[in-house]
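Heads up, the thing below is written out as structure tokens.
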Amino acid sequence: MLTADGLDEAIIGEVSSYGRDETILYSVQKIIDILIERDGMTPDEALEFYDFNIAGSYLGEGMPTFLNDIGRETKIWN
């Protein structure tokens, strides 16, 4: 299983599906929080960075899975 460097605190589990290997499941909310706190990004910068550099990258089989747990009522920062 592949992981995203420096984002271990955002791991919330593993995902399995018929015919596929298990993958690591990350919380998008937790990733955004890490980028804001660790890297000093604004919420908008963190979301843009996530969209382009993390979710937008293709790493092949075994790449992580991301749970979009940012909803209308969920704020993207603490």
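Every number here is computed from the coordinates shown, using simple stated rules; none is lab data. All of these numbers come straight from a predicted model, not from anything done at the bench. No Cβ is skipped: glycine too gets one built from the backbone with ideal geometry, and neighbour counts run over all protein chains shown.
Observations on the model:
- Proximal charge balance of R20 [Cβ under 12 Å; K/R count +1, D/E count -1]: -4
- Structure-based [θ]222 nm, the chain - -39500 (n - 2.57) summed over DSSP H runs of at least 4, per residue, nearest 500: -7000 deg cm²/dmol
- For the chain, relative contact order (Cα pairs under 8 Å, six or more residues apart, normalised by length) works out to 38 percent.
- Tensor-based shape of the chain (alpha-carbon gyration tensor, a/c under 1.5 rounded, otherwise prolate or oblate): prolate
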